[in-house]
């Protein structure tokens with residue numbers, strides 16, 4: 001093999017990029033020290049563009065297709081090289097392939113909460129996250145602003161920049177919408193479209209990129225605010241809170257009565273709940289929701305486990321005796337008494353403890 005044949009064998013005669021990745025935006029053809037052969041074949045596959053660079057200057061751009069490199073399809077490079085009448089020798093140029101397909105499954109999110117003024121809650125903090133896709137639409141702008149002389153440019157190298165742009169745009173969109181926090185979930189589609197428009201406005205001309213799709217997946221409130229909302233929702237579901245409290249106290253009294261061995265604290269709890277429910281029922285039964293004035297017998301206090309409970313009206317005491325919360329040995333006190341005394345010794349209460357039996361029936365008539 002002659003020297004000329006050996007040199008010709010080292011020349012590049014097929015230029016192509018078979019991309020095995022899913023996140024490479026720009027890839028430089030590895031020419032090394034080889035020169036591009038006159039009449040070399042350039043193969044640009046769908047989803048790609050090829051950019052020729054000569055001595056740091058952007059030259060010709062090729063869209064998908066199969067080309068035989070010659071003067072007529074390299075007009076800019078021919079001018080830069082000074083080929084006035086065509087060329088018939090090898091030439092040097094850098095060839096960059098730009099991926100123009102969509103890069104999918106990219107994620108964005110707010111690293112810190114965004115402070116907003118909500119019409120219902122006042123000042124609140126919001127977090128958000130979502131997904132987006134990316135596509136190169138202007139190879140020259142992308143090469144000039146981001147790639148430079150990088151032999152391989154990955155999406156990760158621009159991901160942080162795009163996330164910052166999306167987060168900044170999201171704050172602007174949410175602030176301009178003036179929506180209440182509880183209404184945001186019903187506006188995800190509209191907010192996503194507005195957010196995409198604002199992001200594309202910032203990246204298309206400057207970086208030669210497009211964001212074909214951008215979605216808001218979730219907008220969340222701080223954990224403590226969500227907990228308060230859950231409590232508020234539970235109260236709305238309950239409806240009549242007074243009736244719900246009566247229902248809970250009734251269940252507690254039933255459980256206490258069914259556990260006689262509990263004694264002590266459980267007995268006191270059941271007694272206190274019973275009297276509290278009776279007091280509520282008396283207040284609700286009175287006109288205007290006001291408690292009726294105490295009867296002439298005054299009000300009573302009960303000693304339970306070393307603590308004083310009350311005051312209770314005579315009617316409430318009678319209900320407590322009938323329900324078993326007040327026994328004959330329960331210590332009671334009322335205004336005017338010198339000391340505590342068993343309930344059975346109080347004339348006003350004693351009659352409610354009596355197991356009085358009816359007298360013997362009269363003899364039958366003769």
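Arrange the following residues from fewest to most other Cβ atoms within 10 Å of their Cβ: 143, 115.
Starting with the residue having the fewest Cβ neighbours, the order is 115, 143.
Using a ≥ b ≥ c from the Cα gyration tensor of the range 103-225 (square roots of the eigenvalues), is it rounded, prolate or oblate, where a/c under 1.5 gives rounded and otherwise the larger of a/b and b/c decides, a/b for prolate?
prolate
If I stretch the segment between residue 19 and residue 187 completely, what's the gain in nm (0.36 nm per residue apart, minus their alpha carbon distance), one decimal?
Details: separation 168, 0.36 × 168 = 60.48 nm, distance 3.88 nm.
Taking 0.36 nm per residue and subtracting the Cα distance, the gain is 56.6 nm.
Please state the relative contact order of the range 91-172 as a whole percent: Cα pairs under 8 Å, 6+ residues apart?
So the answer I get is 31 percent.
Run the numbers for residue 104 and residue 322: contour at 0.36 nm per residue of separation, minus the present Cα-Cα distance, in nm.
On the way: separation 218, 0.36 × 218 = 78.48 nm, distance 7.41 nm.
Stretched fully, the residue 104-residue 322 segment lengthens by 71.1 nm.
Peptides 55-65, 312-322: what's the order by average Cβ count within 10 Å, highest mean first?
Details: 55-65: 14.6, 312-322: 20.0.
Highest to lowest by the protection proxy: 312-322, 55-65.
Would you please give the FRET efficiency between residue 117 and residue 155, computed as 1/(1 + (r/R0)^6) with r the Cβ-Cβ distance and R0 = 45 Å, to the nearest 0.05?
Rounded to the nearest 0.05, the efficiency is 0.80.
Could you check the spin-label model distance between residue 164 and residue 140? Points 7 Å from the Cα along Cα→Cβ, value in nm.
With each label point 7 Å from Cα toward Cβ, the separation is 2.7 nm.
Which whole-number percent is the relative contact order of the range 103-225 (Cα, under 8 Å, 6+ apart)?
39
Coordinate-derived values only; no laboratory data. Since the model is a prediction, treat every value here as computed from it, not as a measurement. FYI the Cβ positions are ideal-geometry reconstructions off the backbone, even for glycines, and counts take in every protein chain you see.
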